[in-house]
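To keep things clear, I will list the structure first and then write my remarks on it.
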Amino acid sequence: MGALPARGAGRRHWLARTAALVAGAALGGTGRRAASAGIGPTGATVSQAELLALLAERFPQRYPLAGLAELELRAPALALHPETNRLGARLAAALSSAALPAPREGALEVEFGLRYAAEDRSIRAHGIALRSLDIAGLDAATATALQFWAPRLARRAWREVVLHRFEARELALLDGLGLQPGAITVTPQGLSVAWERKPTP
């Protein structure tokens, strides 16, 4: 691997490259299990199907609206936006109220970025933005009230939603090498997570 460089950026780059090579050799030795989990020497991949599977465990969810109505949100469809490095989600919604003879159907659409939470090894929704909340068949007053609640409802429903959680065994070697999951990139197939050096205490 060559001599240890002098202090500074060159040394940090050498340490990161060396750690990645060691991780690659060790992870490569774990065989098919590591490959199927999307773990590699320089990062990990998470497919769209994996993201949807974890989200399906969280929904449906019901949210009361000021004690006057209840909105049910069901498992979402995901849209990958590599051009903005964000995800979009569309959730089927149903509004129920004593004032309505039957639930009204519609959809909630949001867009969000991602962040890595080291405390529980998870990738979470972050920077949530409401795109729309449309429910069919509402009178004007109810529709206006719903639009008032829509932004906070979107944030409440998606705040810190977990889209992926690494297992402890997957990150044990990286932790020993002073590495951790870092930059998260949205791709046409899912997510790409790069390993990076842990911050110096």
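The values are calculated or read from the model by the stated rules, or taken from the named source; none is laboratory data. Please read these numbers as outputs of a predicted model, since none were measured by experiment. Backbone-built Cβ (ideal geometry, glycine too); neighbour counts: all protein chains shown.
Some notes on this structure:
- Restricting the search to helices (runs of 4 or more DSSP H) fully inside region 1-95 and requiring at least 1 residues that are modelled with pLDDT under 90 and at positive phi gives an empty result.
- Which numbered condition residue 120 misses (of (1) assigned to a loop (DSSP other than H, G, I, E, B); (2) of a type outside the set (A, V, I, L, M, F, W, C); (3) touching a residue at least 60 places away in the same chain (Cβ under 8 Å)): (3)
- Filter result (crowded, with 18+ Cβ neighbours inside 10 Å and not in a loop (DSSP other than H, G, I, E, B)) within region 151-171: 153, 154, 157, 158, 163, 164, 170, 171
- Test: residue in region 147-162 that is more than 29 Å from residue 38 (Cα to Cα) and in contact with a helix residue (DSSP H, G or I) (Cβ under 7 Å, 6 or more places away or on another chain): no
- Odd one out for residue 113 among (1) farther than 23 Å from residue 87 by Cα; (2) within 23 Å of the chain's Cα centre (by Cα); (3) modelled with pLDDT of 95 or more: (1)
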